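Note sheet for the following structure.
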Amino acid sequence: MQEKNTNFFITTPLYYVNDKPHLGHFYTTVLGDVLARYKKEQGFNTFFSTGVDEHGNKIDNAAKKAGQSPQAFSDKISSQFIDIWQRLNINYSDFIRTTGDKHKKSVFYFLKQLKNKDYLYEGIYKGLYCEGCETFIQETELDEKGFCPNHNKKPENIKEKNWFFKLSVFQEKLILLIKNNKLKIEPDARKKEVLGFLKQGLKDISISRESVKWGIPLPWDKSQITYVWIEALINYLTALDYPWEKKIQISNYKLQKYWPADIHLIAKDILKFHAIIWPAMLLAIGLDLPKKIFAHGFFTINGHKMSKTLGNVITPEELVDKFGVDGARYAVLAEIIADKDTDISWEKLENRYNNDLKNNIGNSFSRLIVLAQKNNIKEFNCFVSKNIKVIINEITKNFNTQINNINIFLAIQETQKLFNFLNSYLDQTKPWQEKDTEKNKETLTNSFNILFHAAELLKIIMPEKTKIILKIKKGNKLITPEKNIHLF
Ligand code: MSP
């Protein structure tokens, strides 16, 4: 059996398919992709899951509006997610669709466990429900108009028979686990938020809906549809082929290998579901808790919430069309600060693309190729002057720390330092003026070392462009292209 600590499992939320993918979905997904690639580079067996959330009234109503069946509508939007992730080089291990049979089986099994262990009971739910959030909402959470503050809409008043989960019994246990970092919640402000919420007391929650039609029925009561959030959370086990099936060899059983998840990546909007409800569900059936929940901030566009009504939605498609695949991945990751809320704009993304990629990386690369051609450098020995090695090592160390802290934008800034250093090193040594060929050889060897090193670091962020850079290095040979290459 493999040791768990050589394995790494990272997840993104399942995105609702009520509309096409946008920048919010792209950011979390590319962040997950980069962290998974990083761990793979470090020698871990990685499993990266993402997918779509296809059930519930929110989707059913979006389908009705489009004049389609919910399944046809979900099929259409799900394939838009799959296509754009493929285009953006998102290297997921599994893409979960909640309408899939695999998921249904996993949900059935999980719910039966909850029931057998006596954590479920029947009751009447009376209260408010916000369809936008797909969540039961308290009166105290509404704004002064009585609207859901997230969706600016009046919630529905519902009274219906539901099945309930005994969430309240887990309050103290969760407080302890979170306080002691057995369940890490990051950044720290989010941990405090969850603890604050837990201290107010937990109420049992409804896990099924009577009036909803589009979803997975409860295995023992077909008149009830599983509450969309409850089934969506179970996807993290579906991805690992939960439940156990005898026909799968134990050594191939993904749950054995990858559970508990190392990181559930989410944004702060869905913190309570992941940091309270999901861990309680796992405690109830006796599965280990995820090691870490990382909730990044929210972003606004030019100071406004991204919304269709305002017409300011940025889509991943538009980003690729403008910046190319690697350019889009880089600009978004460099511009958004994971542990805070960030305001972004097309202008900021364009500046980032022009300054960092076109000017800094692209120009350094072209400049070096021209110099290598002029000086006829064919050999590339790995000698790097001592002081340069120190700088490279320091930057690499910082880069690793920042990635491990999920501060990708700071890790990216470290790589920019390498390019800044390279440019000032060239400006100082001026190999284009230097007549001494030995000296030039040394300068260029050093410079190529810096460039290749930066490309190695940036591989996880820009898999294709860095391939182009690293292609000119074959062992200790430098394969300088005949013509110059414009990377961006
Ligand atoms: N379907 C649920 C999640 C179920 S997970 C078991 C859901 N879906 S969602 O489509 O609304 O996606 C929410 C997630 O999308 C956020 O947690 C975040 O990852 C991403 N974002 C959507 N809009 C965003 C911003 N404006 N800013 C940052 N992230 C955003 O909730």
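Considering each residue of the range 108-129, count those that are of a type in the set (A, V, I, L, M), buried (at least 16 other Cβ atoms within 10 Å of the Cβ) and part of a strand (DSSP E or B), and give that number.
Going through the range 108-129 one residue at a time, the tally reaches 2.
Check whether at least one residue in the range 469-476 is β-branched (Val, Ile, Thr), in the same structural domain as Ser424 (by TED's automatic domain parsing), part of a helix (DSSP H, G or I) and surrounded by fewer than 21 Cβ atoms within 10 Å (Cβ to Cβ), and report yes or no.
no
Please name all residue pairs, on different chains or six or more residues apart, with Cβ atoms under 6 Å, provided the first residue is in the range 156-184 and is under 24 Å from Tyr227 (Cα atoms) and the second residue is among the small types (Gly, Ala, Ser).
From residues that are under 24 Å from Tyr227 (Cα atoms), the pairs are Glu160/Ser211; Asn162/Ser206; Asn162/Ser208; Trp163/Ser208; Phe164/Gly123; Phe164/Ser206; Leu167/Ala280; Phe170/Ala280.
Taking the conditions exactly as written (touching a strand residue (DSSP E or B) at 6+ places or on another chain (Cβ under 8 Å), in contact (Cβ under 8 Å) with a residue 24 or more places away in the chain, outside any loop (DSSP other than H, G, I, E, B) and more than 16 Å from the ligand (Cβ to nearest atom)), does Gln224 satisfy them or not?
Judged against the criteria, Gln224 is a match.
Does Ile263 satisfy the criteria of being of a type in the set (A, V, I, L, M), buried (at least 17 other Cβ atoms within 10 Å of the Cβ) and within 12 Å of the ligand (Cβ to nearest atom)?
no
Working only within the range 188-221, note down all residues that are among the charged types (D, E, K, R) and either closer than 22 Å to Ile270 by Cα or outside any loop (DSSP other than H, G, I, E, B) (or both). Outline the logic, then answer.
If we filter the range 188-221 for residues that are among the charged types (D, E, K, R), which is where we start, we get 188, 190-193, 199, 203-204, 209-210, 213, 221.
Once the filter is applied, which keeps residues that are among the charged types (D, E, K, R) and either closer than 22 Å to Ile270 by Cα or outside any loop (DSSP other than H, G, I, E, B) (or both), the range 188-221 yields Asp188, Arg190, Lys191, Lys192, Glu193, Lys199, Lys203, Asp204, Arg209, Asp221.
Anything in the range 1-19 that is in contact (Cβ under 8 Å) with a residue 60 or more places away in the chain, assigned to a loop (DSSP other than H, G, I, E, B) and more than 11 Å from the ligand (Cβ to nearest atom)? List them, or say none.
Met1, Gln2
Residues are listed down the side, and each one gets a yes or a no for (1) within 16 Å of the ligand (Cβ to nearest atom); (2) crowded, with 20+ Cβ neighbours inside 10 Å; (3) in contact (Cβ under 8 Å) with a residue 60 or more places away in the chain; (4) closer than 26 Å to Ser93 by Cβ:
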{"site": "Ala232", "(1), (2), (3), (4)": "yes, yes, yes, yes"}
{"site": "Asn235", "(1), (2), (3), (4)": "yes, yes, yes, yes"}
{"site": "Lys254", "(1), (2), (3), (4)": "no, no, yes, yes"}
{"site": "Ala275", "(1), (2), (3), (4)": "yes, yes, yes, yes"}
{"site": "Phe294", "(1), (2), (3), (4)": "yes, yes, yes, yes"}
{"site": "Asn302", "(1), (2), (3), (4)": "yes, no, no, no"}
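So Lys58 passes all but one of these: (1) over 26 Å from Leu31 (Cα atoms); (2) surrounded by fewer than 17 Cβ atoms within 10 Å (Cβ to Cβ); (3) in contact (Cβ under 8 Å) with a residue 40 or more places away in the chain. Which condition number does it fail?
Going through (1) over 26 Å from Leu31 (Cα atoms); (2) surrounded by fewer than 17 Cβ atoms within 10 Å (Cβ to Cβ); (3) in contact (Cβ under 8 Å) with a residue 40 or more places away in the chain one by one, Lys58 breaks only (2).
Just need a number here: residues in the range 425-444 that are in contact (Cβ under 8 Å) with a residue 40 or more places away in the chain and among the acidic types (Asp, Glu).
Just the residues of the range 425-444 that are in contact (Cβ under 8 Å) with a residue 40 or more places away in the chain, to begin with: 426, 431-432, 437, 440-442, 444.
Applying the additional criterion that residues be among the acidic types (Asp, Glu) yields 442.
Going through the range 425-444 one residue at a time, the tally reaches 1.
Which numbered condition trips up Lys39, out of (1) over 13 Å from the mean Cα position of the chain (by Cα); (2) within 14 Å of the ligand (Cβ to nearest atom); (3) not polar (S, T, N, Q)?
With respect to (1) over 13 Å from the mean Cα position of the chain (by Cα); (2) within 14 Å of the ligand (Cβ to nearest atom); (3) not polar (S, T, N, Q), Lys39 is out only on (2).
Restricting to the range 164-199, count the residues that are among the hydroxyl-bearing types (Ser, Thr, Tyr) and within 25 Å of the chain's Cα centre (by Cα). Before you say what the answer is, go through the steps one by one.
Narrowing the range 164-199 to residues among the hydroxyl-bearing types (Ser, Thr, Tyr): 168.
Still in the list and also within 25 Å of the chain's Cα centre (by Cα): none.
The number of residues fulfilling the criteria is 0.
If I filter the range 434-456 for residues that are part of a helix (DSSP H, G or I), in the same structural domain as Ile392 (by TED's automatic domain parsing), among the basic types (Lys, Arg) and over 23 Å from Asn376 (Cα atoms), do I get at least one hit?
no
How many of the residues making up the range 137-172 are of a type in the set (Lys, Arg), loosely packed, with under 13 Cβ neighbours inside 10 Å and closer than 29 Å to Lys112 by Cα?
Here the count works out to 1.
Matching residues to (1) at pLDDT below 95; (2) of a type in the set (Lys, Arg); (3) more than 19 Å from Leu478 (Cα to Cα):
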{"position": "Pro316", "(1), (2), (3)": "no, no, yes"}
{"position": "Glu347", "(1), (2), (3)": "no, no, yes"}
{"position": "Arg352", "(1), (2), (3)": "no, yes, yes"}
{"position": "Arg367", "(1), (2), (3)": "yes, yes, no"}
{"position": "Leu371", "(1), (2), (3)": "yes, no, no"}
{"position": "Lys386", "(1), (2), (3)": "yes, yes, yes"}
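Tally up the residues in the range 346-385 that are assigned to a loop (DSSP other than H, G, I, E, B) and surrounded by fewer than 16 Cβ atoms within 10 Å (Cβ to Cβ), please. Working first, answer last.
We begin by selecting, within the range 346-385, every residue assigned to a loop (DSSP other than H, G, I, E, B); these are 375-378, 380-385.
Checking the rest, the ones that are also surrounded by fewer than 16 Cβ atoms within 10 Å (Cβ to Cβ) come to 376, 378, 381-383, 385.
Of the residues in the range 346-385, 6 are assigned to a loop (DSSP other than H, G, I, E, B) and surrounded by fewer than 16 Cβ atoms within 10 Å (Cβ to Cβ).
Somewhere in the range 49-72, is a residue away from the ligand (no atom under 15 Å from the Cβ), under 24 Å from Phe9 (Cα atoms), of a type in the set (Val, Ile, Thr) and in the same structural domain as Thr238 (by TED's automatic domain parsing)?
Looking through the range 49-72, none of the residues is away from the ligand (no atom under 15 Å from the Cβ), under 24 Å from Phe9 (Cα atoms), of a type in the set (Val, Ile, Thr) and in the same structural domain as Thr238 (by TED's automatic domain parsing).
Quick check, is Ile270 in a helix (DSSP H, G or I), within 12 Å of the ligand (Cβ to nearest atom) and more than 19 Å from the chain's Cα centre (by Cα)?
no
Within the range 22-107, which helices (runs of 4 or more DSSP H) (wholly inside it) include 2 or more residues that are charged (D, E, K, R), within 30 Å of Gln224 (Cβ to Cβ) and touching a Lys or Arg at 6+ places or on another chain (Cβ under 9 Å)?
none
The values are calculated or read from the model by the stated rules, or taken from the named source; none is laboratory data. Bear in mind the structure is a predicted one, so any value in this text is a computation, not a measurement. Cβ coordinates were reconstructed from backbone atoms using ideal geometry, including for glycine residues, and neighbour counts include every protein chain displayed.
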